[in-house]
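Q: Below are the structure tokens for one structure; questions will follow.
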Amino acid sequence: MKKDSLLVHAGRHPERYHGAVNPPVYHASTILHPSVAAMEASGKKPFDGVRYGRYGTPTTFAFEEAVAAVEGGAKAIAMPSGLAAITGTLMALLKTGDHLLMVDSAYFPTRKFCDAVLAGLGVETTYYDPAIGAGIEVLLRPNTRLVFTESPGSLTFEVQDIPAIAAAAHAHGALVAMDNTWGIQSFQPFVHGVDVSIQACTKYVVGHADAMLGSITVADEALWLRLKTSVAAFGHSPGAEEMFLGLRGLRTLGVRLRHHAETALKLASWLKDRPEVASVLYPPLPGDAGHELWKRDFTGACGLFGVILKPAPKAAVDAMLDGFTHFNLGYSWGGFESLVIPTTGHSIIRTATKWDPPGPSLRFHAGLEDADDLLADLEAGLARLKAAG
Ligand SMILES: *Cc1c(COP(=O)(O)O)cnc(C)c1O
């Protein structure tokens, strides 16, 4: 089945629900068992069927089935947020004495978890250059259990050579996890050697900026059981309404993503030629540092890209950002609305590589507004930048 058709069908079983197109939303903690024997039998298969709310309901299973299909994996685990999906994966696959290779361009809270929590548990993290590719070989140690990737980086947009990294990791017995939030629908993680694919479903899956949700997807049953056992032990339990919103969002993901990507390419191409702009970070743009890898491994894109301005005073950049009509200031992305954040200084921390742009850096999310309105908003913003500069 092609991707758009899969999005329509994944996780739906109308025959189980009186023909209702969408699976019902189960609000359930307690599940009643008909007999002691049935109760005991369900206890022997904790992840099979409906047993207790925290272990999942038909709403959970519908969402997990749908996400697994969309990511191209076999099994998924619903998580209460993208960050919980990341930390849940790290906690399940690492123990005291293990070594983790973490990409230097990782989402900042991921880095924070390694430094603040994993370090305290005796798990050592080595950060590596996102451009390392097969060169990761020299960083792999006998106790390296996991190589964590994120491609493109969600603030700086480096595209990683995932197949080369996976080949080296697997040759040394390490697993590969990927934060695939940017590449949902356009990057097939399991085709490229990834073992665990993570989605911040808060972004494009939910797609409407109104719920927190995450997912962990794998292609392998044994690995699923390992992850599920750990995640269940921690008590992660996403809400029923959130998973309903995730399922609803998935149905329109294909059309939304194409529109986000088309608009982003228009805006990025226009910005690239502006005299106020030093460079644009968007792998689909020819000339982008990650363009060749993106062309090789991705089949599409999304609406998130970065812009590096030529040197300008902070007050001028602030005037540009404060005055936008459509690009409102807010964290997150993947919703229907356009967003912008300044990324200079505070949110980009590097230890293995240098991030030293020639001017202030920004991150834009192209929403579903009319592209001409967005271009006009950017043009007026650059005029404010110039006037205050
Ligand atoms: C937002 C984000 C996350 C975290 O997702 P939450 O649902 O906000 O916890 C993880 N990775 C990336 C790349 C993100 O952009």
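Q: Quick check on my filter: what residues within segment 160-191 are within 16 Å of the ligand (Cβ to nearest atom) and of a type in the set (Asp, Glu)?
A: 179
Q: Shifting gears a bit: Going by what's in this entry, would residue 194 be described as more than 16 Å from the ligand (Cβ to nearest atom) and β-branched (Val, Ile, Thr)?
A: On the way: more than 16 Å from the ligand (Cβ to nearest atom): no; β-branched (Val, Ile, Thr): yes.
Criteria not met by residue 194.
Q: Looking only at segment 83-98, filter to residues that are within 16 Å of the ligand (Cβ to nearest atom) and open to solvent by 40 Å² or more (accessible area, probe 1.4 Å); which one of those is farthest from residue 186 (Cα to Cα)? Talk me through it step by step, then tell me what you get.
A: First pass over segment 83-98, keeping only residues within 16 Å of the ligand (Cβ to nearest atom): 83-91.
Imposing the further condition that a residue be open to solvent by 40 Å² or more (accessible area, probe 1.4 Å) reduces the set to 83, 91.
Details: 83: 21, 91: 28 Å.
Looking at the filtered set, the residue picked out is 91.
Q: Turning to a different aspect of this structure: I need the full set of residues from segment 1-19 which are small (Gly, Ala, Ser) and surrounded by fewer than 12 Cβ atoms within 10 Å (Cβ to Cβ), in order please. Walk me through how you get there before you give the answer.
A: If we filter segment 1-19 for residues that are small (Gly, Ala, Ser), which is where we start, we get 5, 10-11, 19.
Of everything in segment 1-19, those that are small (Gly, Ala, Ser) and surrounded by fewer than 12 Cβ atoms within 10 Å (Cβ to Cβ) turn out to be 5, 19.
Q: Pick from segment 141-155 the residues that are polar (S, T, N, Q) and closer than 15 Å to residue 301 by Cα: which of them is nearest to the ligand (Cβ to nearest atom)? Before you say what the answer is, go through the steps one by one.
A: Kept after step one, since they are polar (S, T, N, Q), are these residues of segment 141-155: 143-144, 149, 151, 154.
Now narrow it down to the ones that are closer than 15 Å to residue 301 by Cα: 151, 154.
On the way: 151: 10, 154: 4 Å.
Out of the qualifying residues, it is 154.
Q: Further question: Looking at (1) within 13 Å of the ligand (Cβ to nearest atom); (2) within 17 Å of residue 3 (Cα to Cα), which one does residue 247 not meet, given that it meets all the others?
A: (1)
Q: What's the number of the only condition in (1) part of a loop (DSSP other than H, G, I, E, B); (2) touching a His at 6+ places or on another chain (Cβ under 9 Å); (3) open to solvent by 10 Å² or more (accessible area, probe 1.4 Å); (4) touching a residue at least 60 places away in the same chain (Cβ under 8 Å) that residue 163 fails to meet?
A: (1)
Condition check ((1) under 27 Å from residue 3 (Cα atoms); (2) within 16 Å of the ligand (Cβ to nearest atom); (3) over 20 Å from the mean Cα position of the chain (by Cα); (4) open to solvent by less than 10 Å² (accessible area, probe 1.4 Å)) across all residues:
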site: 301; (1), (2), (3), (4): yes, yes, no, no
site: 305; (1), (2), (3), (4): yes, yes, no, yes
site: 309; (1), (2), (3), (4): no, no, yes, yes
site: 315; (1), (2), (3), (4): no, no, yes, no
site: 318; (1), (2), (3), (4): no, no, yes, no
site: 323; (1), (2), (3), (4): no, no, yes, no
site: 328; (1), (2), (3), (4): no, no, yes, no
site: 333; (1), (2), (3), (4): yes, yes, no, no
site: 340; (1), (2), (3), (4): no, yes, no, yes
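Q: Give segment 116-147 a look and list any residue that's surrounded by 15 or more Cβ atoms within 10 Å (Cβ to Cβ) and among the charged types (D, E, K, R), or say none. Give the steps one after another, and end with the answer.
A: Residues of segment 116-147 surrounded by 15 or more Cβ atoms within 10 Å (Cβ to Cβ): 118, 123-133, 136-137, 139-140, 144-147.
Those that are surrounded by 15 or more Cβ atoms within 10 Å (Cβ to Cβ) and among the charged types (D, E, K, R): 124, 129, 137, 145.
Q: Considering segment 166-203 alone, what residues qualify as being of a type in the set (Val, Ile, Thr) and assigned to a strand (DSSP E or B)?
A: From segment 166-203, those of a type in the set (Val, Ile, Thr) are 176, 181, 184, 191, 194, 196, 198, 202; that's our starting set.
Listed by number, the residues that qualify are 176, 196, 198.
Q: With the structure loaded, tell me whether residue 128 is in the same structural domain as residue 182 (by TED's automatic domain parsing), in contact (Cβ under 8 Å) with a residue 40 or more places away in the chain and within 14 Å of the ligand (Cβ to nearest atom) or whether it fails that test. Quick ask: steps written out before the conclusion?
A: Values: in the same structural domain as residue 182 (by TED's automatic domain parsing): yes; in contact (Cβ under 8 Å) with a residue 40 or more places away in the chain: yes; within 14 Å of the ligand (Cβ to nearest atom): no.
No: the conditions fail for residue 128.
Q: Now a separate question. I need the full set of residues from segment 212-232 which are within 16 Å of the ligand (Cβ to nearest atom) and either farther than 19 Å from residue 304 by Cβ or outside the structural domain of residue 93 (by TED's automatic domain parsing) (or both), in order please.
A: Start the filter on segment 212-232 by keeping residues that are within 16 Å of the ligand (Cβ to nearest atom), which leaves 212-217, 231.
Selection gives 216, 217, 231.
Q: Which of the residues that make up segment 37-82 are within 16 Å of the ligand (Cβ to nearest atom) and open to solvent by 30 Å² or more (accessible area, probe 1.4 Å)? It would help to see each step written out before you state the result.
A: Let us first name the residues in segment 37-82 that are within 16 Å of the ligand (Cβ to nearest atom), namely 63, 67, 71, 76-82.
80, the sole residue that qualifies.
Q: Filter the helices (runs of 4 or more DSSP H) completely within segment 204-310 down to those with at least 1 residues that are of a type in the set (Ser, Thr, Tyr) and out of contact with any helix residue (DSSP H, G or I) (no Cβ under 9 Å at 6 or more places or on another chain).
A: Values: elements: 221-234, 240-251, 253-272, 291-297.
Where helices (runs of 4 or more DSSP H) fall fully within segment 204-310 and carry at least 1 residues being of a type in the set (Ser, Thr, Tyr) and out of contact with any helix residue (DSSP H, G or I) (no Cβ under 9 Å at 6 or more places or on another chain), they are 253-272.
Q: Now for a different question. Among the candidates 251, 226, 256, single out the residue that is closer than 18 Å to residue 100 by Cα and basic (Lys, Arg).
A: On the way: 251 fails: closer than 18 Å to residue 100 by Cα; 256 fails: closer than 18 Å to residue 100 by Cα.
After applying the criteria, what remains is 226.
Q: Right, something else. Need pairs with beta-carbon distance below 7 Å; first residue in the same structural domain as residue 342 (by TED's automatic domain parsing) and in a helix (DSSP H, G or I) and within segment 372-389, second of a type in the set (Val, Ile, Thr) and surrounded by fewer than 18 Cβ atoms within 10 Å (Cβ to Cβ); sequence gap 6+ or separate chains.
A: Short answer, once both residue conditions are applied: 377/325.
The values are calculated or read from the model by the stated rules, or taken from the named source; none is laboratory data. The model shown is predicted, which means the values in this text are computed figures rather than measured ones. FYI the Cβ positions are ideal-geometry reconstructions off the backbone, even for glycines, and counts take in every protein chain you see. Surface accessibility is based on the protein's heavy atoms, side chains included, excluding ligands, DNA and RNA. Shrake-Rupley method; radii C 1.70, N 1.55, O 1.52, S 1.80 Å.
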